[in-house]
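Undergrad: Below is the structure I would like to discuss, written out as structure tokens.
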Amino acid sequence: MESRTAEMPFSADWEAVRWVTSKPRELFKSLPFEAEVSGEEPFDVQIRIRRRLFKFEFSGRMNVAFADSTATYVMKGPKGLLILSASVDGDVLLSRASADLVERFLGRKLEALVNGFALAVCRFSESYRRIVGKILPTGEGAFYTKDMASDDLPHLLRYLRFSLGNGTFSLCGKGNGEEFRITVENDVVKSIEHESSGGSAIVEVNKPLLGVGEDDFSGLELGGEYFLSVLRR
């Protein structure tokens, strides 16, 4: 069996990782490559990675297990066995992809798989931990948020993307005499529109949702309570 690993600095905790990985349908739809989980356990799973020099496809049935601060996805299909896992070791997220497959360039493909998987689990877990205590759903696609600051926005976007299972949407917010709208298309944060008594501005971002950071929103200077609405497109 061949394996590849990935380690990422991590600022959340195991409970956040468990929350993310216990929702495989949402997580696989949010990975930075084509993947989907459907049905009930054992789930139906499909993964497709396209790169300039190779492509990787896997389909089969998947079981999920949790033990010792580790989440493990065990997938069996016509090609063989594929295993993905994520665990927490202090301030590091450890991920591993292992496979027993008849596949050319398997190591290179496992590396792409585990790097994308680790990035998604890390970012969505950190954003869940940052946001979950700050928002309260008030209706279909509407939220109330307290104590929100500009540097919460990338985490809020990732939390909503994970929950929606859709990488194209707009987030609109109103509060404190301000309005803002953030547009996300195909998991890329495209732009931010902001209006206040001091004027209006449009900021082009054009960064992947998993890569956008707190500095990308620092110019908004938001703070306080807001009512939020999500528009799916």
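Undergrad: Sticking with the crude label model, points 7 Å out along Cα→Cβ, report the distance from Asn206 to Phe33 in nm, one decimal please.
TA: 2.6 nm
Undergrad: Counting Lys +1, Arg +1, Asp -1, Glu -1, what net charge surrounds Lys174 among other residues with beta carbon under 13 Å of its beta carbon? Please report the intermediate quantities before stating the final value.
TA: Details: positive: Arg181; negative: Glu178, Glu179, Glu193, Glu195, Glu225.
Combined, the nearby Lys, Arg, Asp and Glu give -4.
Undergrad: Hey, another quick one. Take every Cα pair under 8 Å in the stretch 127-189 that's 6+ residues apart, average their separations, divide by the length, and report that relative contact order as a whole percent. Intermediate values should be presented prior to the final figure.
TA: Details: 59 pairs, mean separation 15.0, N = 63.
It rounds to 24 percent for the stretch 127-189.
Undergrad: Based on a Kirkwood Rh over C-alpha pairs, give the Stokes-Einstein translational diffusion coefficient of the chain at 37 °C and viscosity 0.692 mPa s in µm²/s. Don't skip to the answer; put the middle values down first.
TA: Values: Rh = 18.7 Å.
Result for D is 176 µm²/s.
Undergrad: Sort the stretch 97-228 into rounded, prolate or oblate with this rule: let a ≥ b ≥ c be the square roots of the eigenvalues of the Cα gyration tensor; rounded if a/c is under 1.5, and if a/c is not under 1.5, prolate when a/b is larger than b/c, oblate otherwise.
TA: Numbers: a/c = 2.74, a/b = 2.09, b/c = 1.31.
Here the stretch 97-228 falls in the prolate category.
Undergrad: Quick one, what does Rg over Rh come out to for the stretch 59-129 if you take C-alpha atoms and the Kirkwood Rh? Please list the in-between numbers first.
TA: Details: Rg = 12.9 Å, Rh = 13.0 Å.
Rg divided by Rh gives 1.00.
Undergrad: Mean residue ellipticity at 222 nm from the helices of the chain, using -39,500 (n - 2.57) per DSSP H segment of n ≥ 4 over the full residue count, to the nearest 500 deg cm²/dmol? Please report the intermediate quantities before stating the final value.
TA: Numbers: 4 runs with 52 residues, N = 233.
After summing the helix terms and dividing by residue count, I get -7000 deg cm²/dmol.
Undergrad: Please work out how much length the chain gains when fully extended from Asp147 to Ser11, using 0.36 nm per residue of separation minus the C-alpha to C-alpha distance, in nm with one decimal. Kindly include the intermediate steps, with their values, before the conclusion.
TA: Numbers: separation 136, 0.36 × 136 = 48.96 nm, distance 1.99 nm.
Result for the pair: 47.0 nm of gain on full extension.
Undergrad: Can you list residues whose amide H is under 5 Å from Lys79's amide H, if they're 5+ apart or on another chain and H is modeled 1.01 Å from N?
TA: Sorted by chain and number, the residues that satisfy this are Ser59.
Undergrad: Just want the answer: with Cβ charges of +1 for Lys and Arg and -1 for Asp and Glu, which residue in Gly199, His155, Leu84 is farthest toward the dipole's positive end in the chain?
TA: The one lying farthest along the dipole's positive direction is Leu84.
Undergrad: In Å², what does the accessible area per residue of the chain work out to with a 1.4 Å probe? Please list the in-between numbers first.
TA: Details: 11430 Å² over 233 residues.
Ligands and nucleic acids excluded, the result is 49 Å² per residue.
Undergrad: Roughly how many debye, to the nearest 20, is the charge dipole of the stretch 100-179 about its Cα centre, given +1 on each Lys and Arg Cβ, -1 on each Asp and Glu Cβ, and no other charges?
TA: With only Lys, Arg, Asp and Glu charged at Cβ, the dipole is about 160 debye.
Undergrad: Ok, one more. Work out the FRET efficiency for Glu111 and Lys76 from their Cβ-Cβ distance, taking R0 = 25 Å, and round it to the nearest 0.05.
TA: FRET efficiency, Glu111 to Lys76: 0.70.
Undergrad: Only loop residues by DSSP count here, and only those with at most 15 other Cβ atoms within 10 Å; note down the chymotrypsin sites (Phe, Trp or Tyr not before Pro) in the stretch 62-119 that meet that.
TA: Working: sites: Phe66, Tyr73, Phe105, Phe117; in loops: Phe105.
Sites meeting the loop and neighbour criteria: Phe105.
Undergrad: Another one. Identify the GluC sites (Glu not before Pro) of the stretch 108-157 meeting these criteria: DSSP loop state and at most 13 other C-beta atoms within 10 Å of the C-beta.
TA: Values: sites: Glu111, Glu126, Glu140; in loops: Glu140.
Sites meeting the loop and neighbour criteria: Glu140.
Undergrad: With all pairs of different alpha carbon atoms counted, what Kirkwood hydrodynamic radius in Å does the stretch 91-153 show?
TA: Values: mean 1/r = 0.0677 Å⁻¹.
Kirkwood radius, the stretch 91-153: 14.8 Å.
Undergrad: Let me ask something additional. Quick check for the stretch 80-213: number of Lys pairs with alpha-carbon distance under 21 Å, counting only pairs 8 or more apart or on different chains? Don't skip to the end; give the middle numbers.
TA: Working: Lys134/Lys146; Lys134/Lys174; Lys146/Lys174; Lys174/Lys190; Lys190/Lys207.
Step by step, the pairs that qualify in the stretch 80-213 add up to 5.
Undergrad: Would you be so kind as to identify which of Val188, Ala99, Phe117 lies farthest towards the positive end of the dipole of the stretch 96-233, taking Lys and Arg as +1 and Asp and Glu as -1 on Cβ and the Cα centre as origin?
TA: Ala99
Undergrad: Still on this structure, please answer the following. Using Cα atoms only, what is the angle between the long axis of helix 153-164 and the major principal axis of the chain, expressed in degrees (0 to 90) to the nearest 10?
TA: Helix 153-164 and the main axis of the chain meet at about 60 degrees.
Undergrad: Can you check what the net charge comes to around Ser30, using other residues whose Cβ is under 12 Å from the Cβ of Ser30 (Lys, Arg +1; Asp, Glu -1)? Don't skip to the end; give the middle numbers.
TA: Working: positive: Lys23, Arg25, Lys29, Arg123, Arg158, Arg161; negative: Glu26, Glu34, Glu36, Asp187.
Spelling it out: positives minus negatives among the neighbours equals +2.
Undergrad: If you don't mind, there's one more thing I want to ask. What size of dipole, in debye to the nearest 20, comes out for the chain about its Cα centre when the only charges are +1 on Lys and Arg C-beta atoms and -1 on Asp and Glu C-beta atoms?
TA: So the dipole magnitude of the chain works out to roughly 1060 debye.
Undergrad: Right, next: For the peptides 48-57, 10-19, what is the packing order when you average, over each peptide's residues, the other Cβ atoms within 10 Å and list the highest mean first?
TA: Values: 48-57: 12.6, 10-19: 18.1.
Descending packing order for the listed peptides: 10-19, 48-57.
Undergrad: Label point 7 Å out from Arg51 along Cα-to-Cβ: which residues of the stretch 110-134 have amide N under 12 Å?
TA: Flagged as within label range: 110-116.
Undergrad: Can I ask one more? Could you work out how far helix 106-131 tilts from the main Cα principal axis of the chain, as a 0 to 90 degree angle to the nearest 10?
TA: Roughly 30 degrees, rounded to the nearest 10.
Undergrad: Excluding Lys134 itself, what net charge comes from residues whose Cβ is under 9 Å from its Cβ, given Lys and Arg +1 and Asp and Glu -1? Please report the intermediate quantities before stating the final value.
TA: Numbers: positive: Arg130, Lys146; negative: Asp147, Asp152.
That sum, taken over residues with Cβ under 9 Å, equals 0.
The values are calculated or read from the model by the stated rules, or taken from the named source; none is laboratory data. Only a predicted model underlies this, so the values are computations on that prediction, with no experimental measurement involved. Methodologically, a virtual Cβ is constructed for each residue, glycine included, from the backbone with ideal geometry; neighbour enumeration extends over all protein chains shown. What goes into the accessible areas is simple: the full protein's heavy atoms, side chains included, and nothing from ligands, DNA or RNA. Shrake-Rupley method; radii C 1.70, N 1.55, O 1.52, S 1.80 Å.
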